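Beneath this line is the structure, given in structure tokens, with notes to follow.
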Amino acid sequence: MKIIDKDILDVEFITHEKINKLSTFHTKGVVKGVFYPKNSKELIAVVNHLTRNNIKFKIIGNGSNILISPQGAKSIFISTKKLYHYIRFKESKCFVSSGVSLNQVYIHCLRRSLSGFENLAGIPGTIGGTICSGSGAFGSSIFDHLDYIRILQDGKIKKIKKSDIEYGYRSSSLKNTIILSACFTLEKKDRQDIREKYINNCNFRIKNQPKGYSCGSIFKNPEGFSAGWLIEKCGLKNITHKDACISEKHANFIINNDNASFYDIKYLIDLCKKEVYRRFSIRLDCEVEIY
């Protein structure tokens, strides 16, 4: 790929980057190329360059909710991992750049006795990715305390209020939006209570969720049901396909045992969908993005 815009000549660009550096599934293969901008100026320059040249691209953070297909691997990726990150506070307001992890936000909030991220801190994602996917945990959602976001649209930075965003259970209208930062209004609470809730949540995850290369829950929970319970009742726990496995600990997790491909994991996803529908007439909807 030729880079001709002088504004992006100094932006780090790696061709044939390994997928295991972009997705927590750690699947085999490489992508066409990845930009690693260091600041918003570089990010905007890269996006504008790719848009002007009609080059398909995908912005990615920690990659904790994406399964990259061979077709998706033909795209150019923009990673926010090396972006300058910031977390700032003004009383109960928290201003944070999109590439900051949820756990980092929680730590800074805890120091100020601000509640709002202790239920989310165990999600291994960034602010931007979590907002785009509408993620949540333990009855909380990333939108609970959100005020507004700043996005890049048509080469300009725009402010979008939460009231102008459509969102629901594990979904939002921001799927292809380039989020630069967000503002949250948090609650002042006892620091020990915040810490205790966080520790309890972590202990629950350790007890009930498997270790290994995965992207967390594969499917959204259908109304009135647990996706993991449905998959388990179909007898699919611990089923393997080559180097991919439906977790014995939690059936809504698919684990890459080291050398799984996109097709190995996709096979198990399709198997779960097929068997749950055959037995319960319930269609499972993926929470993880297949790109």
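The values are calculated or read from the model by the stated rules, or taken from the named source; none is laboratory data. Quick caveat: nothing in here was measured; it's all calculated off a predicted structure. For neighbour counting, all protein chains shown are included, and Cβ atoms are generated from backbone atoms with ideal geometry for every residue, glycine included.
Tabulated data
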quantity	calculated
Search result, residues across segment 242-280 that are polar (S, T, N, Q) and under 16 Å from Asn221 (Cα atoms)	Asn252
Residues of segment 6-44 satisfying the condition of being surrounded by 20 or more Cβ atoms within 10 Å (Cβ to Cβ) and closer than 18 Å to Gln153 by Cβ	Pro37, Glu42, Leu43
Qualifying residue in segment 84-96 (condition: of a type in the set (Val, Ile, Thr), touching a Ser or Thr at 6+ places or on another chain (Cβ under 7 Å) and assigned by TED's automatic domain parsing to the domain that holds Cys109)	yes
Long-range neighbours under 7 Å by Cβ, at least six apart or interchain, first residue of a type in the set (Ser, Thr, Tyr) within segment 58-70, second assigned to a loop (DSSP other than H, G, I, E, B)	Ser64/Thr24; Ser64/Pro124; Ser64/Gly125; Ser64/Cys215; Ser64/Gly216; Ser69/Tyr291
Phe117 in contact with a Cys (Cβ under 6 Å, 6 or more places away or on another chain) and at pLDDT 90 or above	yes
Flag for Tyr267 being of a type outside the set (A, V, I, L, M, F, W, C) and closer than 14 Å to Phe225 by Cβ	no
Number of the exception - Ser92 against (1) out of contact with any Cys (no Cβ under 9 Å at 6 or more places or on another chain); (2) under 23 Å from Lys220 (Cβ atoms); (3) touching a residue at least 60 places away in the same chain (Cβ under 8 Å)	(2)
Residue check, Leu236 farther than 20 Å from Phe138 by Cα and hydrophobic (A, V, I, L, M, F, W, C)	yes
Segment 56-109, subset within 21 Å of His145 (Cα to Cα) and among the basic types (Lys, Arg), residue farthest from the chain's Cα centre (by Cα)	Lys90
Residue selected from segment 119-141 under the condition over 21 Å from Lys211 (Cα atoms) and over 12 Å from the mean Cα position of the chain (by Cα), by the criterion surrounded by the fewest Cβ atoms within 10 Å (Cβ to Cβ)	Gly139
Scan of segment 12-33 for residues that are of a type outside the set (D, E, K, R), touching a helix residue (DSSP H, G or I) at 6+ places or on another chain (Cβ under 8 Å), outside any helix (DSSP H, G or I) and within 22 Å of Gly129 (Cα to Cα), ordered by number	Phe25, His26, Thr27, Val30, Val31
Every residue from segment 143-161 that is in a loop (DSSP other than H, G, I, E, B) and free of Cβ contacts under 8 Å to residues at least 40 places away in the same chain	Phe143, Asp144, Asp154
